[in-house]
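Below is one structure; the comments refer to it alone.
Taken together, the values in this text are just the output of simple stated rules run on the coordinates, not laboratory data. Because the structure is a prediction, the values reported are computed rather than measured. Please note: Cβ atoms are built from the backbone with ideal geometry, for glycine as well, and neighbour counts cover all protein chains shown.
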Amino acid sequence: MNSAHELNTLIEALRTLRGETSPKAALATLTRTRGSTFRRPGTRMLVLGDGHVVCELSGGCPQRDIVARAHEVIASALPRLVCYNADSGLDVLMEMGCGGELEVLIEPLVAAHATDFVDAIAQCLDERRCAHMATLFAVDGMVVMPQRVLWDGHDVLHDDIAAPALTRSIVDATAFETGKRPITLRLPSARGLVDVLVEPIVPPHALVVIGSSAAARALLPLAKALGWQTTLVDHDPVRLQATHLPAGLHAVCATPASLRGALPLDAQSSVVVMTHNLEQDIAYLGSLRDAPVAYIGALGSRERVARMRNNAALAGLHVHAPAGLDIGSETPEEIALAIAAEIMAVINTRSGGPLRDNEGAIH
């Protein structure tokens, strides 16, 4: 699936395409994967008629082959479902040594309303709302021009399937899928057995960094490169003004008492406290009690962290302290990398350990 950052890039490109009088493009979507593959279902790549691509899938043979077939789809204006595996003879992944299999939907973007679904996605991202999108792409095993429905809870935000019973069936079937990964379902309907790719739409991760330290300044551009919405917080407006912020990042002047009112924290948010003042750190951390965030971290030595944990104001509060994975970090940039890596591990429910196990096999 595409990250929220990639989705924003795709949305911008698709909206630009919609403004053209004679658009020539194709959208390639991974619908199924098996084994070791370069990306997971739900990942998309836009192929333009002039050869340019937006949000590359990979840099190797599969992408080159997908791009070539996308140009065929643009010329024919007919959707196509391409399977890459040993049986199909298109075993480019086998040749690369990956050993995986995948199925790619390639759809031409020729209809006037073919990209209208991106407006509903953009609305969800802008409003930081979680949603689901389903793409119907095959009936009784035969590829059809994709149709999509997007919903937030039980409110349908976009629907071009134009079959209320089928839309309800898709929404109901997805209610039991609580994971963060996309899934392809095969459902009975009045049209026949339909193949539907269902994927979560999740707003970009929001990182709040409290304190204008060197490590904080190093963490800001790294978070931006990851596509996170990043905010720097300090109670001193002079320090905030003196801190050079990367373009597109925000600064908020807030004390521990005003922090919660100044920031709309949600389940896709993380907070790292690094003021280098123990009393301030404890005050900011204490203000985060019951905050609906994914991660709370704080910098500190072993002794400093022990004093935090023994403070009654933080009793029962789960704080990642010292923040970051153990990678031997010393410089502000290395510390920032360790913290960003731990946040990614937490939000992706991973241990943060090596990819290989004790026997050398890759997870």
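Anything in the range 135-156 that is over 22 Å from residue 205 (Cα atoms), crowded, with 16+ Cβ neighbours inside 10 Å and touching a residue at least 24 places away in the same chain (Cβ under 8 Å)? List them, or say none.
135, 136, 137, 138, 143, 144, 146, 148
Consider residue 198 carefully, then state whether it is outside any helix (DSSP H, G or I) and over 19 Å from residue 1 (Cα atoms).
In short, no.
Pairs, please: C-beta under 8 Å, at least 6 apart or cross-chain, first residue over 16 Å from residue 57 (Cβ atoms) and in the range 68-83, second of a type in the set (A, V, I, L, M) and part of a helix (DSSP H, G or I)?
Matching pairs, first to second residue: 79/73.
What number of residues within the range 105-134 satisfy the criterion of being farther than 14 Å from residue 14 by Cβ, surrounded by fewer than 16 Cβ atoms within 10 Å (Cβ to Cβ) and aliphatic (A, V, I, L, M)?
Summing the residues that are farther than 14 Å from residue 14 by Cβ, surrounded by fewer than 16 Cβ atoms within 10 Å (Cβ to Cβ) and aliphatic (A, V, I, L, M) in the range 105-134 gives 0.
Would you confirm whether or not the range 274-287 contains a residue that is closer than 19 Å to residue 340 by Cβ, in contact with a Leu (Cβ under 7 Å, 6 or more places away or on another chain) and not in a helix (DSSP H, G or I)?
There is at least one residue in the range 274-287 that is closer than 19 Å to residue 340 by Cβ, in contact with a Leu (Cβ under 7 Å, 6 or more places away or on another chain) and not in a helix (DSSP H, G or I).
Kindly check whether there is at least one residue in the range 193-205 that is surrounded by fewer than 18 Cβ atoms within 10 Å (Cβ to Cβ) and either under 22 Å from residue 332 (Cα atoms) or free of Cβ contacts under 8 Å to residues at least 12 places away in the same chain (or both).
The answer is no; no qualifying residue exists.
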